Amino acid sequence: MIYKAEGSFENAVSIAGDMAYPGYVIRGKERSCMIDAGINLYGPLYMRTLETILGDPGRLDMLFLTHSHYDHLGAAPYLSRMLPALEIGGHEKIEELLAKEKVLKFMDTLSEVQREMFQEIVGDEDVHLSPLLLDHRLKDGDSFDLGGLTCEVYHTPGHTKDSISFFVPEIGALFPGEAAGIPRGEHCEGIQVEFLSSYGDYIQSIERAASLKPRMIGMAHAWVLTGDDAASFLEQSYHETELYRKQIESFLNDCSGDIDAAVEKMALAEYDEKGGIYQERNAYMTNLSAQVALIASMGNTCSPL
Ligand SMILES: [Fe+2]
C-alpha cells in the first residue's frame, strides 16, 4: 500500500511535522527517537506535533539525522535549543559541516526563500541555523534499544557520503532518507534517482536496503510504503538507477563527452520538454550536473540505451 506520510503506523511510528518534511517518531516502551527534522522553518511545527504524539515534546529522547542536506536537518539546531536534553545523532560529517559559517548561511538562504509559504508555521520564532554538536556519531552497526524496538544504523552512502539509513527489525520499518531515491509524481508513478556523491555506492546502498526486506519504508518526503509496495520500490529504484545512468551516458555520447553540453541537452529534453519532474529547476540543474559529472568520471564504457 502507498500512504501519505501522516498519522501513525504499526502502533509504533508517528509522523511529526507534515508529509512534506516528515519526522518519523519511533516510540519504544522506554525511549523514543525521531528520524530527521526538515527545514528550520518547520521547527515550531515539530514542537507542536511532538506534543500531540508524546504528550510533551520533552519526552523525545533522540533525534537521528539521515544526511547533511538542509531539508533533513534544518530544524535540528532549533529543536536542540528548545529541548536541551535531546540527544542528537548523525554521521560525524554533519558536525563538521554545521561548524562552517558558510554552510549555515547557504542552508539558511535555501530555506528563507520558502519563508512566505511557511510564515504561518514559523511565526516570529527564532529558528536560525547554528552549529550542532552530536551526542552520537553514528556508525554502521550501531543499534539503540528503545524498549521492545531497536533502531539499527546502516551507513548507506551514494546520495551523500554521510547518508545513514535506520531500520527497526521488530516491525520491518526502514527509514532510508534519500539513500534509495524518492517516489516522484502525484501518485508515486516514478522514482527520482538521487545519487550525488557516488553511483557505485548508491547502487550498493539500494541492494543493502533491499537485503533487509523491509515491510514498511518511511520515505524522506511525502509517502510511506508498506507490504509489496515497499519491496517493489527498492527493486524499481535499482532498475531505474541503471536506466538513468544509461540515459546520461547516451547524452554524454551525443555531446562527445562534454559534461556541460550534456547537462543542458538533458535538462531541455527531460525537464523542459517531457516535464513531470516536481523539483525547482535550479535544484534540478545542480543535481543533474553532479550526476552527469559522476557518470562521466566512470568512463563511458556501458552501451547506451
Ligand atoms: Fe538529500
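Search the structure for amide H atoms under 5 Å from the amide H of Arg184, placed 1.01 Å from N in the peptide plane, and list their residues when 5 or more places away or on another chain.
Glu189, Gly190, Ile191, Gln192
Does the stretch 122-222 come out rounded, prolate or oblate by the C-alpha gyration tensor, with a ≥ b ≥ c the root eigenvalues, rounded set by a/c under 1.5 and, if not, prolate when a/b is larger than b/c and oblate if not? Don't jump to the answer; show the numbers that get you there.
Details: a/c = 1.36, a/b = 1.09, b/c = 1.25.
Rounded, because the longest to shortest axis ratio a/c is under 1.5.
When we measure straight from the Cα of Lys93, which lysines land under 19 angstrom away, once same-chain ones fewer than 8 places off are left out?
Lys102, Lys105, Lys139, Lys161
Of Met216, Met117, which has the most accessible area and how do the rest follow, probe 1.4 Å?
Sorted descending by solvent-accessible area, the residues read Met117, Met216.
To test your reading of the geometry: what angle, between 0 and 90 degrees and rounded to tens, separates the Cα axis of helix 101-112 from the longest principal axis of the chain?
90
On a 1.4 Å probe surface of the protein chains, which of Tyr154, Tyr3 comes out largest in accessible area, and what is the full order?
Correct descending sequence by accessible area is Tyr3, Tyr154.
Do any GluC sites (Glu not before Pro) in the stretch 61-143 lie in a DSSP loop with no more than 13 other beta carbon atoms within 10 Å, and if so, which? Show your work: numbers first, answer last.
Working: sites: Glu87, Glu92, Glu95, Glu96, Glu101, Glu112, Glu116, Glu120, Glu125; in loops: Glu125.
Listed in order of number, the matching sites amount to none.
Amide H neighbours of Asp36 under 5 Å, counting only residues 5+ apart in sequence or on other chains, H built in-plane at 1.01 Å?
Phe64, Leu65, Thr66
What does the charge dipole of the stretch 242-297 about its Cα centre add up to, to the nearest 20 debye, if the Cβ of each Lys and Arg holds +1 and the Cβ of each Asp and Glu holds -1?
Dipole magnitude for the stretch 242-297 comes out near 140 debye.
Relative to the longest principal Cα axis of the chain, at what angle does helix 281-297 sit, 0 to 90 degrees, rounded to 10?
Its long axis makes an angle of about 60 degrees.
What length, rounded to one decimal in nm, is gained on full extension from Tyr278 through to Ser197, with 0.36 nm per residue of separation minus their alpha-carbon distance?
Values: separation 81, 0.36 × 81 = 29.16 nm, distance 2.16 nm.
Full extension of this stretch gives 27.0 nm more.
With θ taken as phi - 60° and the coefficients 6.51, -1.76 and 1.60, list the Karplus ³J(HN,Hα) couplings across the stretch 252-259 in order, rounded to whole Hz; mark glycine and proline as x.
My calculation for the stretch 252-259 gives 5, 4, 4, 9, 6, x, 6, 4 Hz in order.
Rounded to whole Hz and in sequence order, give me ³J(HN,Hα) for the stretch 230-246 from the Karplus expression 6.51 cos²θ - 1.76 cosθ + 1.60, θ = phi - 60°, writing x for Gly and Pro.
5, 5, 6, 4, 5, 4, 5, 5, 4, 4, 5, 5, 5, 4, 5, 4, 5
Relative to the longest principal axis of the C-alpha atoms of the chain, give the angle of the C-alpha long axis of helix 43-54, reported between 0 and 90° and rounded to the nearest 10°.
Tilt relative to the chain: about 60 degrees.
If I stretch the segment between Glu112 and Glu207 completely, what's the gain in nm (0.36 nm per residue apart, minus their alpha carbon distance), one decimal?
Full-extension gain reported as 30.6 nm.
Note down the magnitude of the dipole of the stretch 22-84 about its Cα centre, charges +1 on Lys and Arg C-beta and -1 on Asp and Glu C-beta and zero elsewhere, to the nearest 20 debye.
120
In a GNM of the chain with a 10 Å cut-off on Cα contacts, which of Gln236, Gln114, Gln204 has the highest mean-square fluctuation?
For the chain, modelled as a Gaussian network with Cα springs under 10 Å, the answer is Gln114.
Collect residues whose amide H, placed 1.01 Å from N in the peptide plane, falls under 5 Å from the amide H of Ile88; neighbours closer than 5 in sequence don't count.
Leu63, Asp135, His136
Please list, in order along the stretch 189-204, the HN-Hα scalar couplings obtained from phi with the Karplus expression 6.51 cos²θ - 1.76 cosθ + 1.60 (θ = phi - 60°), rounded to whole Hz, x for Gly and Pro.
After applying 6.51 cos²θ - 1.76 cosθ + 1.60, I find 7, x, 10, 7, 7, 10, 6, 10, 10, 6, 5, x, 4, 4, 4, 5 Hz.
Filter the GluC sites (Glu not before Pro) in the stretch 177-274 to those in DSSP coil with at most 11 other Cβ atoms within 10 Å of their Cβ, and list the result.
Taking the stretch 177-274 and a limit of 11 other Cβ atoms within 10 Å, the loop GluC sites (Glu not before Pro) found are Glu186, Glu189.
Find how much the distance from Arg215 to Asp135 grows on full extension, using 0.36 nm per residue of separation minus their present alpha carbon separation; answer in nm with one decimal.
Working it through step by step, the gained length comes to 25.8 nm.
How big is the dipole moment of the chain about its Cα centre under a simple scheme where the beta carbon of each Lys and Arg is +1, that of each Asp and Glu is -1, and everything else is neutral? Debye, nearest 20, please.
400
Grab the DSSP H runs of the chain that are 4 residues or longer, score each as -39,500 (n - 2.57), total them, divide by all residues and round the 222 nm result to the nearest 500 deg cm²/dmol.
Taken over the chain, the calculation gives -11500 deg cm²/dmol.
The values are calculated or read from the model by the stated rules, or taken from the named source; none is laboratory data. Computed from a predicted structure; not experimentally measured. Cβ coordinates were reconstructed from backbone atoms using ideal geometry, including for glycine residues, and neighbour counts include every protein chain displayed. Surface accessibility is based on the protein's heavy atoms, side chains included, excluding ligands, DNA and RNA. Shrake-Rupley method; radii C 1.70, N 1.55, O 1.52, S 1.80 Å.
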